Amino acid sequence: MKIAFVGKGGSGKTTLSSLFIRHLAAAGAPVLAVDADINQHLGAALGLDEAEAAALPAMGDRLPPIKEYLRGSNPRIASAETMIKTTPPGEGSRLLRVCEDNPVYDACARPVELDGGVVRLMVTGSFTEADLGVACYHSKTGAVELCLNHLVDGRGEYVVVDMTAGSDSFASGMFTRFDITFLVAEPTRKGVSVYRQYKEYARDYGVVLKVVGNKVQGQDDLDFLRAEVGDDLLGTFGHSDWVRAMEKGRPPRFELLEDANRRALRVLRVAADATYELRDAERYTRQMVHFHLKNADAWGNARTGADLAAQVDPAFVLGEGAVAPV
């Protein structure tokens, strides 16, 4: 399942996404973790020290070889240079799978050992001073979107993406690339404002959106969230001494996480697993093509000097049965 964690800055989405990743790894599930936030903190939340986190290879810096690999022998794509972040796969394209080795993972993914297992971690790379005035962060997250467009995952496999804060993912079609989106919200008016934005933007796209309350301290906080988000409230997390220790760089064994918070993580996994039965590969592919054509018309054709609508393979559907070239 492809799972996004979103929320306003400071909501705790990176902390909760890291806890969910640890929860999955402790259960022995294969996990591909992706830090797509402009503030790159997922590595640290998974226990990497500052030097280890800084040494992670940035996907945004490796976009040309990523494109070349994914392009494969697709005859509809004239060159890797004409691929943009929304380019969909077609016959001849290479696909990514969670449980495999491939040149994209070799270049961009690194194993992170947790006390419950090992996960693969990929990061977009931070927005640096060199980017100011000349680049948009979407050019970095474009590597994530392109990989998601070419990624096939099955039951019991998990791709967990810590997204940009706020509603930035709506600047492209990346918000439609997930089976479920967990929106982390504090019990405040600002905390639920991003939820309203997501709910409005996602209404026409069949996005499964669930709210996870964070920093919930009592019944009043719980009542507030229920009044604001209704049935979209999936569960809540409260104070955690385990998280406080983790933020100090001294996390205890994960099995010592508080019982209430462990139960909340199980609720998230059950909700994610339930979306497998809702999958619609044809709708997923149509949405991919829809946003590709929008981006092609808005800026892609002009930037690449090519008719990017011609990249669409009308007969191709991205699903577990999709076949990539050897």
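The values are calculated or read from the model by the stated rules, or taken from the named source; none is laboratory data. Note that this is a predicted model, so its numbers are computed, not measured. Note: ideal-geometry Cβ built from the backbone for every residue, glycine included; neighbour counts use all protein chains shown. For the accessible areas, the whole protein counts, side chains as well, though only heavy atoms, and no ligand, DNA or RNA atoms are used. Shrake-Rupley method; radii C 1.70, N 1.55, O 1.52, S 1.80 Å.
Scanning the stretch 307-326 for residues that are farther than 24 Å from Tyr276 by Cα, at pLDDT 95 or above and assigned to a loop (DSSP other than H, G, I, E, B) turns up Asp307, Val312, Asp313, Pro314. Within the stretch 26-40, the set of residues being open to solvent by less than 20 Å² (accessible area, probe 1.4 Å) and under 21 Å from Met59 (Cβ atoms) comprises Val31, Leu32, Ala33, Val34, Asp35, Ala36, Asp37.
When Met163 is tested against (1) at pLDDT 90 or above; (2) open to solvent by 10 Å² or more (accessible area, probe 1.4 Å); (3) closer than 21 Å to Met59 by Cβ, just one condition goes unmet, and that condition is (2). Filtered by the rule that a residue be under 26 Å from Phe254 (Cα atoms) and surrounded by 14 or more Cβ atoms within 10 Å (Cβ to Cβ), the stretch 99-114 gives Ala109, Arg110, Val112, Leu114.
In the stretch 217-244, the residues that are closer than 24 Å to Gly47 by Cβ and small (Gly, Ala, Ser) form Cβ pairs under 7 Å with partners that are open to solvent by 80 Å² or more (accessible area, probe 1.4 Å) and outside any helix (DSSP H, G or I), at six or more places apart or across chains, as follows: Gly238/Gln217. Looking only at the stretch 269-293, residues that are surrounded by 12 or more Cβ atoms within 10 Å (Cβ to Cβ), touching a residue at least 24 places away in the same chain (Cβ under 8 Å) and part of a helix (DSSP H, G or I) come to 16 in all.
Taken over the stretch 258-268, the criterion of being open to solvent by less than 60 Å² (accessible area, probe 1.4 Å) and in contact (Cβ under 8 Å) with a residue 40 or more places away in the chain is satisfied by Asn261, Ala264, Leu265, Leu268. In this structure, Trp299 does not satisfy being surrounded by 14 or more Cβ atoms within 10 Å (Cβ to Cβ), over 23 Å from the mean Cα position of the chain (by Cα) and either over 30 Å from Glu100 (Cβ atoms) or of a type in the set (Ser, Thr, Tyr) (or both). May I ask you to verify whether Pro252 is assigned to a loop (DSSP other than H, G, I, E, B) and either among the aromatic types (Phe, Trp, Tyr) or modelled with pLDDT under 95 (or both)? In short, yes.
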